[in-house]
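Notes to accompany the following structure.
The values are calculated or read from the model by the stated rules, or taken from the named source; none is laboratory data. For clarity, every value in this text was computed on a predicted model and none was experimentally measured. Counting neighbours? That spans all protein chains shown, and the Cβs are built from the backbone with ideal geometry, glycine included.
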Amino acid sequence: MGDGFQFIDIIIFAMVAAFLVLRLRSVLGRRTGHEKPPRTDRLGRPAEQAGESNDTVIQLPERAARETAGAHEGDDLTGGLTQIKIADPAFDAEQFVGGARAAFEMIVTSYAAGDKDTLRPLLSDEVFENFSQAIDGREQRNETLETTLVAIRTGDIVEATMDGRIAFVTIKFVSEQINVTRDAEGEPVDGDPTAVTDVTDIWTFARNTRSRNPNWTLVATEASN
C-alpha cells in the first residue's frame with residue numbers, strides 16, 4: 001500500500017508541475033509594457049524587413065511616426081557623411097569644417113583683392129570662371145571692392161553626398177562682413193564702409209576620393225541674402 005500511495009503522489013506532483021508550466025507560459029507570453037523595443041536594422045526598418053525573423057514583434061505605426069518625424073534631414077546628412085567616410089577613411093567632418101572656414105576667409109578676401117592666383121587652386125573651373133569675370137568687370141569699370149571679414153559666426157555642414165567617387169559637402173556660413181565698392185575716385189558706389197552686415201553663404205566643396213590630392217575645391221556658391 002505504501003508503494004501505491006507513493007506512486008499516486010508522484011502522479012499528483014507531475015500534474016501540478018504541468019499546470020504550473022502552462023500558467024508560466026501564459027504569463028510570459030503576455031505583453032506587460034516593459035518589453036524591449038522592436039529590433040531594427042541600420043536603415044530603421046523592422047528586423048523582418050531586413051531579412052531577419054521577428055514574427056512576434058510589430059512596430060506600432062504611431063510610435064514609428066513620432067520617432068521618424070523631422071529626422072529625415074539628419075538621417076540623410078549622417079548617411080552622406082558615413083558614405084564619404086567609407087570612401088575616404090581619412091575624412092573627418094570636424095577637421096573638414098575647420099579647413100572650410102579657412103578656405104572661406106581666403107576666398108572671400110582674395111576675391112575682393114582680385115587675386116586670381118590664390119583663387120585658382122581653390123575653385124573648380126566653372127566657379128573660377130565666374131569669379132574671374134566678376135573681377136575683370138570691376139577692373140573695366142575702374143572699381144575696387146573692399147571686404148572686411150569681421151567674423152565667421154557659424155559654419156555648419158548641411159548636406160553631404162557621394163556621386164560615384166566624388167564627395168560633395170555643403171556648408172552654410174553665417175558671417176559678419178563690411179563690403180563697399182568704390183569708383184576710380186575712391187567714392188563708395190555700393191555698400192556702406194561703416195556698416196557691419198550679416199551674410200549667409202551656402203558653399204559646396206567637392207573632392208575625388210580616389211585622388212592622392214587631399215584638397216577640396218569650391219564647386220558651387222549660393223547667397224541667401
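Some notes on this structure:
Residue-by-condition table, conditions (1) closer than 16 Å to THR109 by Cα; (2) aromatic (Phe, Trp, Tyr); (3) over 26 Å from the mean Cα position of the chain (by Cα):
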residue	(1), (2), (3)
THR144	yes, no, yes
VAL169	no, no, no
ALA184	no, no, yes
ALA195	no, no, yes
ASN213	no, no, no
ALA223	no, no, no
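- For the criterion of being without any contact (Cβ under 8 Å) to a residue 40 or more places away in the chain, within 20 Å of GLY191 (Cα to Cα) and in a helix (DSSP H, G or I), ASP136 passes.
- Scanning region 202-217 for residues that are surrounded by fewer than 17 Cβ atoms within 10 Å (Cβ to Cβ) and farther than 15 Å from ILE157 by Cα yields ASN208, ARG210, SER211, ARG212, ASN213, PRO214, ASN215.
- Subset tally (residues that are over 20 Å from PRO121 (Cα atoms) and among the hydrophobic types (A, V, I, L, M, F, W, C)) for region 193-225: 4
- Filtered residue count, region 107-129, keeping only those that are out of contact with any Leu (no Cβ under 7 Å at 6 or more places or on another chain), in a helix (DSSP H, G or I) and surrounded by 13 or more Cβ atoms within 10 Å (Cβ to Cβ): 5
- Only listed residue being assigned to a strand (DSSP E or B), of a type outside the set (Gly, Ala, Ser) and modelled with pLDDT under 95, chosen from GLU159, GLU222: GLU222
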